[in-house]
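The values are calculated or read from the model by the stated rules, or taken from the named source; none is laboratory data. Just so we're clear, the structure is a prediction, and the values are computed from it rather than from any experiment. Here Cβ is always computed from backbone atoms with ideal geometry, including for glycine, and neighbour counts include all displayed protein chains.
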Amino acid sequence: MKRYTDADTYDNKIPSVVTIGTFDGVHIGHKKIIEQLVEAAMQNNLESVILTFFPHPRMVLQKDTNIKLINTIDERIQILEKTGLDNLVIHPFTKAFSRLSAGEYVEKMLVEKLNVRHVIIGYDHRFGRNRNSNIIDLASYGIQNDFTVEEISKQDIDNVAVSSTKIREALLDGDITKANVYLGYNFMLTGKIVRGKELGRTLEYPTANLHIKENYKLIPKKGVYIVKSEIENKTCYGMMNIGNNPTVNGTHQTIETHFFDASFNLYDRKIQIEMLKRIRDEKKFDSVEDLKMAMQQDENFSREYINSIL
């Protein structure tokens, strides 16, 4: 898959079939649409292209700092690379771009820059300034500019919307198992390991403190989870705590992972951690000893679960 940071740099020598969207999560509903895109490109000797935008339009137009996405942009790229897609165009979304009329958008983006011959799009797709044009308008522009428009069925689009909603709800409820079923892969957190208070060492459970720079990344419900990560070409399992560490009077949320049977120095490394199963809620214990006992129980449960899936 070739990746472009804006449509201006796209290599448009070969005509394309294009679909447009956020594709947050790149879940099983999205993958059905992407398969349709890739198949159409192969059958017609065209290049398959996903046109997406970053930052999310709501971040730009509404200054929505509360928006939470299933994937960071880098995670989205990583997942799309496995779909068979030829090209991913991530065009910067700006206020100036949002002011393009529908005609300007079609002519400049789709026709001139992407050399489009076929567009696969949802029945409810809106585009142009103030999102005032729809799929009927797009088909009309297609007749004028020699490209065809194929509608993704209402059922497929609704399934995508339902899946995205259910995934976000599941993550906020801590139901990682359900989220992973809808995603078709394990939900992941990606960030850099930074130094924390190193309280885990005093409990004989040293932890890697994950810092995620993207504040739009959705973080699952507080609690303890079974996780895994690829570190130095080794699959490492462990348990993660998302929360404020109330037993030791923590004041802010952290994401801390204790990896079993691993002795890597992870400080300042960027790692990706996959979340497999939730163990329990975060809890304030009466003493540090009670906390340590609970962590031992968490470890026993985790190891049993890991052995059951290996």
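Confirm whether Ile135 is more than 30 Å from Lys178 (Cβ to Cβ), modelled with pLDDT of 95 or more and crowded, with 19+ Cβ neighbours inside 10 Å. When the stated conditions are applied, Ile135 passes them. Those residues that are in a helix (DSSP H, G or I) and either crowded, with 18+ Cβ neighbours inside 10 Å or under 15 Å from the mean Cα position of the chain (by Cα) (or both), I need them from the stretch 69-96; list them, please. Those that are in a helix (DSSP H, G or I) and either crowded, with 18+ Cβ neighbours inside 10 Å or under 15 Å from the mean Cα position of the chain (by Cα) (or both): Ile73, Asp74, Glu75, Arg76, Ile77, Gln78, Ile79, Leu80.
Among the candidates Thr52, Thr94, Thr72, which residue alone is in contact (Cβ under 8 Å) with a residue 40 or more places away in the chain and under 24 Å from Lys217 (Cα atoms)? I'd like the intermediate steps shown before the answer.
Details: Thr52 fails: in contact (Cβ under 8 Å) with a residue 40 or more places away in the chain; Thr94 fails: in contact (Cβ under 8 Å) with a residue 40 or more places away in the chain.
That would be Thr72, the only listed residue that is in contact (Cβ under 8 Å) with a residue 40 or more places away in the chain and under 24 Å from Lys217 (Cα atoms).
Can you tell me which residue is farthest from Phe259 (Cα to Cα) among those in the stretch 282-310 that are of a type in the set (Asp, Glu) and modelled with pLDDT of 95 or more? Write out each step before concluding.
Step one: filter the stretch 282-310 for residues of a type in the set (Asp, Glu), giving 282, 286, 289-290, 298-299, 304.
Subset that is modelled with pLDDT of 95 or more: 298-299, 304.
Numbers: Asp298: 13, Glu299: 10, Glu304: 15 Å.
Residue satisfying both the conditions and the ranking: Glu304.
Yes or no: Asp124 free of Cβ contacts under 8 Å to residues at least 24 places away in the same chain, exposed (fewer than 15 other Cβ atoms within 10 Å of the Cβ), assigned by TED's automatic domain parsing to the domain that holds Leu100 and out of contact with any Pro (no Cβ under 6 Å at 6 or more places or on another chain)? It is false that Asp124 is free of Cβ contacts under 8 Å to residues at least 24 places away in the same chain, exposed (fewer than 15 other Cβ atoms within 10 Å of the Cβ), assigned by TED's automatic domain parsing to the domain that holds Leu100 and out of contact with any Pro (no Cβ under 6 Å at 6 or more places or on another chain). Within the stretch 172-198, the set of residues being of a type in the set (A, V, I, L, M, F, W, C), surrounded by 15 or more Cβ atoms within 10 Å (Cβ to Cβ) and either in contact with a Leu (Cβ under 6 Å, 6 or more places away or on another chain) or in a strand (DSSP E or B) (or both) comprises Ala179, Met188, Leu189, Ile193.
What are the residues in the stretch 133-174 that are of a type in the set (Gly, Ala, Ser) and closer than 15 Å to Ile120 by Cα, if any? The answer is Ala139, Ser140, Gly142, Ser153.
Within the set Lys63, Lys108, the sole residue that is part of a helix (DSSP H, G or I), among the basic types (Lys, Arg) and surrounded by fewer than 20 Cβ atoms within 10 Å (Cβ to Cβ) turns out to be Lys108. Quick one: in the stretch 144-159, of everything that is under 20 Å from Ala41 (Cα atoms) and over 27 Å from the mean Cα position of the chain (by Cα), which residue is surrounded by the most Cβ atoms within 10 Å (Cβ to Cβ)? Among residues in the stretch 144-159 that are under 20 Å from Ala41 (Cα atoms) and over 27 Å from the mean Cα position of the chain (by Cα), the one surrounded by the most Cβ atoms within 10 Å (Cβ to Cβ) is Phe147. In the set (1) touching a Gly at 6+ places or on another chain (Cβ under 6 Å); (2) touching a residue at least 60 places away in the same chain (Cβ under 8 Å); (3) outside any helix (DSSP H, G or I), the condition left unmet by Ile167 is number (3).
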